[in-house]
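Visitor: Pasting in a structure now, in structure tokens, and then I'll have a few things to ask.
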Amino acid sequence: MNLSRRDFTKIGSKIVIGAASGPVIIDALVKKARALEISPLRDYDWNEHFWGYVVDTTKCIGCGRCANACKLENEVPFDEPVYRTWVERYRVLKEGEAVIDSPNGSIDGFTDDIPEDEINKAFYVPKICNHCENPPCVQVCPVGATYTTNDGVVLVDYEYCIGCRYCIQACPYGARYYNNEKGTADKCTWCYHRITRGLLPACVKACPVGARKFGDLKDTESEVNKILDRERINVHKPELGTKPKVYYIGLDRVVR
Amino acid sequence: MQPHLKRAFTLLAIIIIAFIFVRSLAVPGSFGEYGWYRGDSVNELRSQDIEYAGSRTCGDVGCHNTLYSIWNQSRHKTVNCETCHGPSEKHASNIRIMPEPADDSRDFCGLCHYNRVARPDGFPQVDPETHGQNLRCAYCHNPHKPWFV
């Protein structure tokens, strides 16, 4: 074979580069394939589920046991005005103004401080992270410390979060807060540690009137799917295109 | 190749290698496994402790099964044990750890039952000023079976 030095170097270097990059490319492909197929969690396949949440505002009695249970289950600081879920009270006055409040996130209950004869209608609206299919909070994270799982839950990586609070600003629902104890952003996880073990989120468990429902949107027989089929539902701020997965029954037009 | 180009290429190669080296140290192993995040963090979040055991656990045979069946047929069957008694998973897995005693004050029942305008009309509510002569609610109602029916 007649090979010039120049050709030898050319071919040689191509082989070396190819051999070196091959495993890297294969490794990346394998990782991609695993991400689609394999669940990172033992005895739970995150590709088999897609979680959804229904709030029936017509049932809520504003007792605040959900917000209380959430703080206890998830060690959310009690002495700070931060909540993963809370209940808002809307009172539409006869003059047309809507008064909205949520003293201590509803944990201590509500007291009537506006006379009944000045009120046209009044109701409670439980609020919680919407776990949007198109989450603005995940888009803005500069380090990849917040993400959507394959089963549709938006989580925060507390080890990796740098606490820059961009995500808190980006959430149009005010569902995120800064956790002073952890020094990171924090939010509702739909009790990921519970739902991946077949339990319901703590707030759903605590609700005495069934105003909060949680279930699998991939399971056609699940209660949430039946509600979505049967009831007239709405989501918060649909015009933003965030595609929330918390669906509301009886959402009034004054609700923001 | 001209020497000044050679120097530039060598420098570039060193920079690239240094970048790859620093990146491999800085980026956690499981980053990018499932998406643009640390794959291990999903398991870390899942390993959080459970606090609420659920009413059915309280009603296990040999535990509060009598109380459970009374409660389960009462108007309070939608109010879970731990909504009044507080999270009790630690108690359920080790009965030597007692849960906090339930709040038996009037105001606690009142969180759900005091008259409030914003509550749905059908929900049973009482006037905190006049109902029950300011006695503890449990004096007349059994919290586990608030009514005799």
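Visitor: Which ones in the stretch A:217-236 are outside any helix (DSSP H, G or I) and open to solvent by less than 20 Å² (accessible area, probe 1.4 Å)?
Guide: Those that are outside any helix (DSSP H, G or I) and open to solvent by less than 20 Å² (accessible area, probe 1.4 Å): A:Ser222, A:His236.
Here is a yes/no grid of residues against (1) more than 15 Å from the chain's Cα centre (by Cα); (2) among the charged types (D, E, K, R):
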residue	(1), (2)
A:Glu75	yes, yes
A:Arg84	no, yes
A:Asn130	no, no
A:Val138	no, no
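Visitor: Is it true that A:Ala185 is small (Gly, Ala, Ser), on the phi < 0 side of the Ramachandran plot and away from every other protein chain (no Cβ under 12 Å)?
Guide: Criteria met by A:Ala185.
Visitor: Here is a further query. With B:Val22, B:Val27, B:Val61, B:Val79 as the choices, which residue is over 19 Å from A:Ala206 (Cα atoms) and within 14 Å of another protein chain (Cβ to nearest Cβ)? First the steps, then the outcome.
Guide: Numbers: B:Val22 fails: within 14 Å of another protein chain (Cβ to nearest Cβ); B:Val61 fails: within 14 Å of another protein chain (Cβ to nearest Cβ); B:Val79 fails: over 19 Å from A:Ala206 (Cα atoms).
The unique qualifying residue is B:Val27.
Visitor: If you don't mind, another one. Within the bounds of the stretch A:168-187, is there any residue that is out of contact with any strand residue (DSSP E or B) (no Cβ under 9 Å at 6 or more places or on another chain), crowded, with 21+ Cβ neighbours inside 10 Å and over 21 Å from B:Asp40 (Cβ atoms)?
Guide: Yes; the residues of the stretch A:168-187 include at least one that is out of contact with any strand residue (DSSP E or B) (no Cβ under 9 Å at 6 or more places or on another chain), crowded, with 21+ Cβ neighbours inside 10 Å and over 21 Å from B:Asp40 (Cβ atoms).
Visitor: Does A:Pro23 satisfy being open to solvent by 70 Å² or more (accessible area, probe 1.4 Å) and at pLDDT below 95?
Guide: Numbers: open to solvent by 70 Å² or more (accessible area, probe 1.4 Å): yes; at pLDDT below 95: yes.
Against the criterion (open to solvent by 70 Å² or more (accessible area, probe 1.4 Å) and at pLDDT below 95), A:Pro23 qualifies.
Visitor: Kindly indicate the residue of the stretch A:192-204 that is over 18 Å from A:Gly105 (Cα atoms) and open to solvent by 10 Å² or more (accessible area, probe 1.4 Å) and also farthest from the other protein chains (Cβ to nearest Cβ) among those meeting that condition.
Guide: Within the stretch A:192-204, the match that is farthest from the other protein chains (Cβ to nearest Cβ) is A:Gly198.
Visitor: Also, quick follow-up: For the stretch B:22-60, what are the residues that are aromatic (Phe, Trp, Tyr) and under 16 Å from the mean Cα position of the chain (by Cα)?
Guide: If the condition is that a residue be aromatic (Phe, Trp, Tyr) and under 16 Å from the mean Cα position of the chain (by Cα), then B:Tyr52 is the only one that fits.
Visitor: Within the stretch A:101-145, track down each residue that is among the charged types (D, E, K, R) and within 12 Å of chain B (Cβ to nearest Cβ). Reasoning before the result, please.
Guide: Pass one, the stretch A:101-145, residues among the charged types (D, E, K, R): A:101, A:108, A:112-113, A:116-118, A:121, A:127, A:133.
Listed by number, the residues that qualify are A:Asp101, A:Asp108, A:Asp112, A:Asp113, A:Glu116, A:Asp117, A:Glu118, A:Lys121.
Visitor: Now, a different point. A:Thr149 fails exactly one of the following numbered conditions: (1) of a type in the set (S, T, N, Q); (2) more than 13 Å from the chain's Cα centre (by Cα); (3) open to solvent by less than 10 Å² (accessible area, probe 1.4 Å). What is the number of that condition?
Guide: Here A:Thr149 clears every test but (2).
The values are calculated or read from the model by the stated rules, or taken from the named source; none is laboratory data. Keep in mind the model is a prediction, meaning the values are calculated, not measured. A quick note on method: Cβ atoms are made from the backbone with ideal geometry, for glycine too, and the neighbour counts reach across all protein chains shown. Just so you know, the surface numbers come from the protein's heavy atoms only, side chains and all, with ligands and any DNA or RNA stripped out. Shrake-Rupley method; radii C 1.70, N 1.55, O 1.52, S 1.80 Å.
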